[in-house]
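*Asks:* Before anything else, here's the structure in question.
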């Protein structure tokens, strides 16, 4: 009798354990299912995360464009001009954007200061500015008169736009390249340094860096050319010719041949 | 009034009694092979398989079916002493009691058997032959060579016993019957037929497919294990029937008791 009771207690424990493990299994199953469903739903965004940089740049460009339109429109809403004027302004701005897009290359940077300044100017003034502009035609060709107007406008507009200075000073550039080369020990970096020195007419340095590039990669045409040209500039013409002739014999590079001819003729 | 489950559990007490035999498809097939093998001029027949697959039951059935029609002797328990074994053989053949102070001469027995060739054919059914010594097995082999004596032997299927079978009998055994565990269908038939045979149809009908599946999962179709399991199940049933009958369903077989029995036998652990 006692044995059966003990057995019943044992069975109760067994059953409880079984139920717990079943619940655990179900919850794990659901968690996995939910995780899978979430991944499925967000697959596109996850996929986008791993997409190419080019794709990202394009999307940034379009975002900037959209933002510029949005900011312009928002600002217009704030002005207390009449509805009529607002409509005219809007039309003008749309026209100006269309003009910019159709007649100028797309620059993925918006000068917000310029935009702001333009937006604050009285409407009459704006009308004056844009009165000379030519509306973009649906056709791809412009008349001679239209083209001359566009060119004039372009010239004026570009002077008004802030110049984007992409380059850096040559000294900084050389320092940067030297640092870069010390880390990378790349023949291309050495060649860029040789070119930079050559442009600065520091032919001794350009000779050294061209030689460095040659050591790292003996098949770089340009490094041999810079090396020979530097030699020639340092009044070692015969040495330069010999070096380039030897290199040409090995590679048969037409570019090297052309430079060789120029050095021989003293035309570089 | 005693519980019906007391009588029911007794059905599953493991025995090789003739009425405990249940006619299953696989068992019937093996029986036919064995019976027809005895009609052929074979020296020996080997029945082998894992314990609890019904080897002894098959021999028992063969003995009871044929004892009226031919000279057949069944050594249910293995006789480990050579002296005793030879005494039992000569007593069975001659139908005479040999005094205990006398020893059977094996050469004399062989000559005696050789003289019987063509006149008589005596069948000996030997169970649990894996327990016999190698020298005794050799004597059995020599006796079978006289062709007056035929042996049906059972062996447990293990590596060692297979070697015995191969080395001693490979040229003499012409018929090998391998006994295997029952599949789900056969096990269901076995349990149901056993219960119906004893008049417990109502209880047999309560058992559902999934109950048989559960039983098979734990016993793997081994008849000895199945008997043990069902005995335990009805033992627990008996307790509840007598002391806590409200806990028993009248409609379906109790899964709880199936699991409790499995716990008691160590098939599952609480």
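*Asks:* Other chains near A:10-18: what is the mean number of their Cβ atoms within 10 Å of each residue's Cβ? Kindly include the intermediate steps, with their values, before the conclusion.
*Replies:* Numbers: counts 7, 10, 2, 3, 7, 3, 1, 2, 3.
Average per residue, whole number: 4.
*Asks:* Modelling each spin label as a point 7 Å along the Cα-to-Cβ direction, I'd like the residue A:184/residue B:116 distance in nm, to one decimal.
*Replies:* The modelled label-to-label distance comes out at 10.5 nm.
*Asks:* Taking every residue in B:230-240, how many Cβ atoms of other protein chains lie within 10 Å of its Cβ, on average? Display every interim value, and only then the final one.
*Replies:* Working: counts 0, 0, 0, 0, 0, 1, 4, 0, 1, 6, 2.
Per residue, the number of nearby Cβ atoms from other chains is 1 on average.
*Asks:* What ranking do B:72, A:241 get, fewest neighbouring Cβ atoms within 10 angstrom at the top?
*Replies:* Numbers: B:72 21, A:241 16.
Fewest-to-most ranking of B:72, A:241: A:241, B:72.
*Asks:* Of all alpha-carbon pairs in segment B:25-179, indicate the percentage at a distance above 18 angstrom. Display every interim value, and only then the final one.
*Replies:* Working: 6668 of 11935 pairs.
When all Cα pairs of segment B:25-179 are counted, 56 percent exceed 18 Å.
*Asks:* Only helical DSSP H runs with n ≥ 4 go in: add -39500 (n - 2.57) per run for chain B, normalise by residue count and round the 222 nm mean residue ellipticity to 500 deg cm²/dmol. Intermediate results must be reported in sequence, preceding the final value.
*Replies:* Working: 12 runs with 144 residues, N = 270.
My calculation for chain B gives -16500 deg cm²/dmol from helical runs alone.
*Asks:* Another one. For segment A:196-268, what mean projected area does the convex hull of the alpha carbons give, in nm²? Please list the in-between numbers first.
*Replies:* On the way: hull surface 16.8 nm².
Dividing the Cα hull surface by four gives the mean projection, 4.2 nm².
*Asks:* Related question: Using the Kirkwood formula on the Cα atoms of segment B:198-258, what hydrodynamic radius do you get, in angstrom to one decimal?
*Replies:* Working: mean 1/r = 0.0814 Å⁻¹.
Computed over segment B:198-258, the radius equals 12.3 Å.
*Asks:* Using 7 Å Cα-to-Cβ label points, what is the residue A:175/residue A:252 separation (nm, one decimal)?
*Replies:* My value for the distance between the label points is 4.8 nm.
*Asks:* Next question, about the same structure. For residue B:71 and residue B:202, FRET efficiency with R0 = 35 Å and r from the beta-carbon atoms, rounded to 0.05? Each step should come with its number before you reach the end.
*Replies:* Working: r = 45 Å, r/R0 = 1.28.
Rounded to the nearest 0.05, the efficiency is 0.20.
*Asks:* Sticking with this structure for a sec: Which ordering of B:39, B:225, B:242 is given by a fewest-first count of other beta-carbon atoms within 10 Å? Could you put the intermediate results ahead of the total?
*Replies:* On the way: B:39 8, B:225 19, B:242 14.
Neighbour counts put them in this order, fewest first: B:39, B:242, B:225.
*Asks:* Starting from the Cα-Cα distance between residue A:234 and residue A:47, subtract it from 0.36 nm times their residue separation and give me the gain in nm to one decimal.
*Replies:* Values: separation 187, 0.36 × 187 = 67.32 nm, distance 5.68 nm.
Using 0.36 nm per residue and subtracting the Cα-Cα distance, I get 61.6 nm.
*Asks:* Working only with C-alpha atoms, what are the Rg and Dmax values of chain B, expressed in angstrom?
*Replies:* Spelled out, the Cα radius of gyration and Dmax of chain B are 22.1, 71 Å.
*Asks:* Further question on the same structure: Say each of residue A:19 and residue B:255 gets a label point 7 Å from the Cα, pointing the same way as Cα to Cβ; how far apart are those two points in nm?
*Replies:* In this crude spin-label approximation the distance works out to 1.3 nm.
*Asks:* Taking the Cβ of each residue in A:224, A:43 as the centre, tally the other Cβ atoms inside 10 Å and list the residues starting with the fewest. Write down the numbers at each step before the final one.
*Replies:* Working: A:224 26, A:43 10.
If I rank by nearby Cβ atoms, fewest first, I get A:43, A:224.
All of the numbers you see were taken from the coordinates with simple rules; none came from a lab. Just so it is clear, the structure is predicted and the values come from calculations on it, not from any experiment. Neighbour counts run over all protein chains shown; Cβ positions are idealised from the backbone, glycine included.
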